[in-house]
Protein chains: 2
Amino acid sequence: MERAQSPGDPTTFETHPSRYKHWKLSVNGDIATLVMAVDGDHPHKPGYELKLNSYDLSVDIELADAIQRIRFEHPEVKCVVFTADLDRVFCSGANIYMLGLSTHSFKVNFCKFTNETRLYLEDASAHSGLASLAACKGTTAGGGYELALACDEIVLVDDGNSAVSFPETPLLAVLPGTGGLTRLVDKRKVRRDRADVFCTTAEGIKGKRAKDWGLVDQLVSRTKWDEVVAASAKALAAKQTVTRGPAVQLSPLEPKVTPEKLSYRFVELTVDARERTGALLVRGPDKVDAFDGAPKMEAGGPAPTAGSEPWSLRAFRELDDALLRLRFDYPECNVLTVRTTGNAETVKACDEALAKATSGFAREVRHLQRRVLKRYDNTARSFYAVADTADSCFAGVLLELALGADRFYMLIDGDEKIAVSTSVANTGFFTTSTGLSRLDARFYGEPARAQKVLARGADGAIASEEAEQLGIATIAADDIDFEDELRIAIEERASLSPDALTGMEASLRFVGPETLETKIFGRLSAWQNWIFTRPNSTGEHGALTLYGQPERPQFQWKRT
Amino acid sequence: MERAQSPGDPTTFETHPSRYKHWKLSVNGDIATLVMAVDGDHPHKPGYELKLNSYDLSVDIELADAIQRIRFEHPEVKCVVFTADLDRVFCSGANIYMLGLSTHSFKVNFCKFTNETRLYLEDASAHSGLASLAACKGTTAGGGYELALACDEIVLVDDGNSAVSFPETPLLAVLPGTGGLTRLVDKRKVRRDRADVFCTTAEGIKGKRAKDWGLVDQLVSRTKWDEVVAASAKALAAKQTVTRGPAVQLSPLEPKVTPEKLSYRFVELTVDARERTGALLVRGPDKVDAFDGAPKMEAGGPAPTAGSEPWSLRAFRELDDALLRLRFDYPECNVLTVRTTGNAETVKACDEALAKATSGFAREVRHLQRRVLKRYDNTARSFYAVADTADSCFAGVLLELALGADRFYMLIDGDEKIAVSTSVANTGFFTTSTGLSRLDARFYGEPARAQKVLARGADGAIASEEAEQLGIATIAADDIDFEDELRIAIEERASLSPDALTGMEASLRFVGPETLETKIFGRLSAWQNWIFTRPNSTGEHGALTLYGQPERPQFQWKRT
């Protein structure tokens, strides 16, 4: 048996269906099936057993991988069916003992990652012609039901026993942590008083009532189960109008990992543990990506290599991986500079090629870039974008990193080599979770200013001083002041309370309209963050701590 | 010197300008001036001194009273000017030592109340022709700047020294707790990267930069101060198009208070400390309110009495007071039944009279009812509305209490005396903080069902069984089951973790679109709730704990 990850080991977010331990992916025509078959003996870290299809980070990493691969490698798939290899349990949710053993920062980051994975499932349905069906043939509890809620349709077995449930509040004194409350009332539009009953009924709701209340879409007997599930999947698949493809295999990322540095082909993350700071560097493309014409990396063809993958895909997959490792493995790295290096014109040309390409594959690449940029927005670290060398290339899709950062520092150089550039990538495709583009969010309430930047950008690169005047740079300074100003800003930031910064950044970054997504991260996660730290859940006599033990939890009764 | 409130004393939210200790209210034509002149020797509770126009609950209770009275008693006022009696300080925010001495539940409820007061100021501007101007002639820090942000216009003195600031994050490791972050970027549309700089700069921002960044609207020298402030107030007043009046003095509420019971004319709150439960009872009107014709209670006339105030005003002022006392004085009262008693037809007739009345006073009464119902939505206790007697009167504006409750239990009686009724009050005026009516929020995504209820309601009372079928009652049961079902539901609720319930209810109650208001309560308050409990702020070595002492705070550095 392969050993579980030890504390301190780097977290690996890369996997492959051939190595899955907890899911079985199969594809049959336009239907993919993901069978949840959690291997209890392979938890993410030692100390607990994954019984009854309960999940932990390793299980969710495989799930995220599977959804991503279906989008790229199985473009023929129009519907993914979630089911389980157990007869009486679909999924019993996040493993409680795992939560009990985890640090607060791990718990919060685990919830955030599982939320993102479920949002990506919804994203695939909304944008990529990939619907999803939860075929719940047995107990569907907690995070298991949250997975079902993220699907387009929920089918529950009608066996007089199987229920959907959110037992978190009554049993653990915490909330359903993966968007469940919001999806219940805002997505499925379950009446709020019924949602109240549901969320406080540990055993959940089954049968006709589950259907009447809108908790599930269909009730199906055991005898008709396979037939109805197959027909429902077919029906969902038939509704899809977006075409993906051609199939492209995702190449391994295989970063070089040391305690101080993650090195990928285009991305580098350097960490200074003593200073609690980091440096994120993204390299621009060497050449312009080609998207149309014959696909270079067909499924079933020779194994893809990093070199064969377009920069637009590769660099953002690397960035995604780096952000996840930053969250989980470097919890004390509080402030990061974000720099770019390369040729701005080539970045812009890649953006143009991607926007003009007609293939479904190219569209998938853009959607992936959009998701990765959202992951960046949603990473609870301070990001200071910095343009201080002539080969800085905050252009197009990379300019989004500067617009998404908490601040953007630009050095004013004599010959105006340091500049930003806009491209088609900045005109609205890369929405944040509020639904606004990063330029519109920056100039919230003044859309004309965003248009002015785009109009000016169409005329060529915008040097530091003008970028500040236009509102792109937070601070532009000449070389007498720049280095000191930036150094002091980083030192000051690194000295502030990380909790207060997380709350402050979450409030300032997500200006503007709210969506299901911002509600999930901005409200639900915030509540969860608090509730997880309360003695009533994680204290010595808290419900989460005492779960599975004979002792009754003892609560502090003051309401706040 | 009058003593401060002792711990355990009931909190009194009633006051009167003649008794203000911390504000001076004067009215001159269409301009009112509220001078902040905090009396340091009269804190809300003993243990700290209110220096430098810092505030505590007592100061904010007077502020809330003043805004309310200007709306009702001074309808000629079109603009209220906030200023201070100190020469170099406008307001230095919430008192830090008060926060340090307070329990977590007090802090959270204090923040919620101050948020509500500021939202009411914005409400007065939006709906009642009462604009506000913050005349900040000196340091405007923390909650002081949050008060300014709630005004329509901010004037800052340009003396080379006076700044606006949010020092909470850098100095105290908490967030600006009164909607400041949201108002900065969402209301005033300060660019998010500039907001980031502002919120981490303890000394704040003054002069031209404050104006350029949109933190203030005008900069004025000391020599021109009085003149410009007066002119700005006049200009704001001149813009108002809504007319209030006639003037009506608010009568004293003077509830009878015992540790187990608050008794008002129309409202009763009974608390069972051992069971952690409560019972809220609202009595319907004895007679139909009259709003048009000669006002009964002119300003300057004889002191008003409870009997002379319309039920529509009186009952909701009492309910408001009871909700505030519930929040502050009964923190362990977790679950409350909400019952009504009286004549449903008279309630409906009052609603009709109010909706048809043409006076500004009548409109103010409706706005007050709307605010009180929002205060109810926003009270972190479980509310179970109960209709189980023939004289129950969940009709019209009182039906909103059932629709706003977490659940609504109705007894099915043989002769269908127990029923709900709709009125004009349910058709959309009483929006929740999401902007939806309570009926539309209940049937979110299915507006036709709300219309169906209103259409059915127009035909007469809706008895329990039908109310359940229409989706108004959560549970309707006959007398064999009713009592047990309700009893068990209350006992179960009272046994659950109060923290988890608060988070759950906040997520389920505010279904639908988000607004500045829901962002403030749902996001900012949630973050604040968490951050206040973190060791980095309130721990032994936390920044809030050590404020004013030579020791440096020690932080836990993990980001979550």
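The values are calculated or read from the model by the stated rules, or taken from the named source; none is laboratory data. For clarity, every value in this text was computed on a predicted model and none was experimentally measured. Every residue, glycine among them, receives a Cβ derived from its backbone with ideal geometry; neighbour counts consider all protein chains shown. Heads up: the accessible areas ignore ligands, DNA and RNA and are worked out on the full protein's heavy atoms, side chains in. Shrake-Rupley method; radii C 1.70, N 1.55, O 1.52, S 1.80 Å.
Using a ≥ b ≥ c from the Cα gyration tensor of segment B:66-157 (square roots of the eigenvalues), is it rounded, prolate or oblate, where a/c under 1.5 gives rounded and otherwise the larger of a/b and b/c decides, a/b for prolate?
Oblate.
Once you average over the residues of A:508-521, how many Cβ atoms of partner chains fall within 10 Å of each Cβ?
Partner Cβ neighbours, averaged per residue: 5.
Where both partners of a DSSP beta bridge lie in chain A, what percent of those bridges are antiparallel, to the nearest 5?
Given both bridge residues lie in chain A, the antiparallel proportion sits at roughly 35 percent.
Putting +1 on Lys and Arg Cβ atoms and -1 on Asp and Glu Cβ atoms, find which of A:CYS333, A:THR33, A:LEU501 reaches farthest to the positive end of the dipole of chain A.
Farthest towards the positive end: A:THR33.
Could you report the accessible area of B:ASP226 in Å², rounded to 10, computed with a 1.4 Å probe on the protein chains as they sit in the structure?
110 Å²
As a test of the definition: with a 1.4 Å probe, what buried accessible area, both sides summed, do you compute for B against A, in Å² to the nearest 100?
Summed over both sides, the interface buries about 8200 Å².
With the convex hull built on the Cα atoms of the protein assembly as shown, state its orientation-averaged projected area in nm².
Dividing the Cα hull surface by four gives the mean projection, 43.8 nm².
Quote the charge dipole size of segment B:174-275 about the Cα centre in Debye, to the nearest 20; the model charges only the Cβ of Lys and Arg (+1) and of Asp and Glu (-1).
660 debye
What are the extents of the Cα atoms of segment B:398-551 along their three principal axes, in Å, largest first?
Principal extents (Cα only, largest first): 73, 36, 22 Å.
Rounded to the nearest 500, what is chain A's calculated 222 nm mean residue ellipticity when only DSSP H runs of at least 4 contribute -39500 (n - 2.57) each, over all residues?
That calculation yields -11500 deg cm²/dmol at 222 nm.
Out of B:ASN95, B:VAL108, B:PRO447, whose Cα points farthest toward the positive end of the dipole of chain B (charges: +1 Lys, Arg; -1 Asp, Glu; placed on Cβ)?
Farthest towards the positive end: B:ASN95.
So for segment A:93-167, averaging the separation of alpha carbon pairs under 8 Å that are six or more residues apart and normalising by length, what relative contact order in percent results?
31 percent
Quickly work out the A:GLN451-to-B:ASP478 label distance, labels modelled 7 Å from Cα along the C-beta direction, and quote it in nm with one decimal.
For B:ASP478 paired with A:GLN451, the spin-label model returns 6.7 nm.
Leaving out ligands and nucleic acids, and using a 1.4 Å probe, what accessible area per residue does the protein assembly as shown come to in Å²?
35 Å²
So if each residue of separation counts as 0.36 nm, and I subtract the Cα-Cα distance between A:ASP41 and A:ALA458, what length gain in nm does that give?
Extra length from A:ASP41 to A:ALA458 when fully extended: 144.4 nm.
Please list 3J(HN,Hα) in residue order for segment B:187-198, calculated via the Karplus relation 6.51 cos²θ - 1.76 cosθ + 1.60 where θ = phi - 60°; whole Hz, with x for glycine and proline.
8, 8, 6, 5, 4, 5, 6, 6, 4, 4, 4, 4
Compute the acute angle (0 to 90°) between the alpha-carbon long axis of helix A:104-127 and the principal axis of greatest extent of the alpha-carbon atoms of chain A; round to the nearest 10°.
90 degrees
May I ask you to rank A:THR538, A:THR169 by accessible area, largest first, using a 1.4 Å probe over the protein chains only?
Order by accessible area, largest first: A:THR538, A:THR169.
Rounded, prolate or oblate, given the Cα gyration tensor of segment A:412-495, with a/c below 1.5 counting as rounded?
oblate
To the nearest 20 debye, what charge dipole does chain B have about its Cα centre, counting +1 at the Cβ of each Lys and Arg and -1 at the Cβ of each Asp and Glu?
About 2240 debye.
Output wanted: per-residue J couplings in Hz (rounded whole) for segment B:447-460, from phi through Karplus 6.51 cos²θ - 1.76 cosθ + 1.60, θ = phi - 60°, x for Gly and Pro.
Running phi through 6.51 cos²θ - 1.76 cosθ + 1.60 with θ = phi - 60° gives x, 4, 5, 5, 5, 5, 4, 5, 5, 5, x, 5, 8, x Hz.
Give the nm distances, rounded to one decimal, from A:LYS356 to the matching residue in every other copy, measuring between label points 7 Å along Cα toward the beta carbon; shortest first.
Shortest to longest, the spacings are 7.1 nm.
Taking accessible area as the heavy-atom solvent-accessible surface of the protein chains with a 1.4 Å probe, which residues of segment B:185-226 lose no less than 30 Å² upon going from the isolated chain to the full protein assembly?
Going by heavy-atom accessible area, the residues of segment B:185-226 that drop by at least 30 Å² are B:VAL185, B:ASP186, B:LYS189, B:ARG191, B:ARG192, B:ASP193, B:ASP196, B:VAL197, B:THR200.
Can you list the residues of segment B:421-462 that have at least 30 square angstrom less accessible area with all protein chains present than in their chain by itself, probe 1.4 Å?
So the qualifying set is B:ARG442, B:TYR444.
Could you work out how much longer the chain between A:SER6 and A:ASP272 gets when fully extended? Use 0.36 nm per residue separation minus the Cα distance between them, nm to one decimal.
Fully extending the segment from A:SER6 to A:ASP272 adds 93.5 nm.
Counting DSSP beta bridges in segment B:139-277, what percent are antiparallel, to the nearest 5?
Percent antiparallel among DSSP bridges in segment B:139-277 is about 65.
Give me the inter-chain shielding for B:163-176: mean count of other chain Cβ atoms within 10 Å, whole number please.
Counting other chains' Cβ atoms within 10 Å and averaging over B:163-176 gives 3.
Could you give, in nm with one decimal, how far A:GLY460 is from each other copy of that position, shortest first, with labels 7 Å out from Cα toward Cβ?
The projected label point of A:GLY460 is separated from its counterparts by 8.2 nm.
How big is D for chain A, in µm² s⁻¹ as a whole number, if Stokes-Einstein is applied with the Kirkwood radius of its Cα pairs at 4 °C and 1.567 mPa s?
Answer, rounded: 53 µm²/s.
Can you give the mean number of other chain Cβ atoms that lie within 10 Å of the Cβ atoms in peptide B:177-184?
2
Cα atoms only, segment A:321-372: Rg and Dmax in Å?
15.1, 43
Within segment B:81-95, which residues have the backbone N less than 18 Å from the label spot 7 Å out from B:ASN161 along Cα→beta-carbon, could you tell me?
Answer for this model: B:84-93.
Around B:PHE430, under 12 Å between beta carbons, what's the net of Lys plus Arg minus Asp minus Glu among the other residues?
Value of the local net charge: +1.
Between A:THR389 and B:GLU76, what is the label-to-label distance in nm when each label sits 7 Å out along the Cα-to-Cβ direction?
It is 7.1 nm.
Using 0.36 nm times the number of residues separating B:GLU49 and B:ALA126, minus their current alpha carbon distance, what extension gain do you get?
24.2 nm
Using a 1.4 Å probe and ignoring any ligands, DNA or RNA, find the accessible area of B:LYS208 and quote it in Å² to the nearest 10.
Approximately 140 Å² for this residue.
On the protein heavy atoms, probe 1.4 angstrom, tell me the percent of accessible surface of the protein assembly as shown carried by carbon and sulfur.
Whole-percent figure for carbon plus sulfur exposure: 50.
Can you compute the charge dipole magnitude of segment B:448-560 about its Cα centre, using +1 on each Lys and Arg Cβ and -1 on each Asp and Glu Cβ, nothing else charged? Give it in debye, rounded to the nearest 20.
1240 debye
Can you find, among B:THR12, B:ALA405, B:GLY245, the residue sitting farthest towards the positive end of the charge dipole of the protein assembly as shown, where Lys and Arg contribute +1 and Asp and Glu -1 at Cβ?
In the protein assembly as shown, that residue is B:GLY245.
At 7 angstrom along the Cα-to-beta-carbon line, where would the label on B:GLU485 sit relative to the other copies? Give the distances in nm, shortest first.
6.8
Would you rank A:ARG274, B:ARG69 by solvent-accessible area, highest first, keeping every protein chain in place and using a 1.4 Å probe?
A:ARG274, B:ARG69
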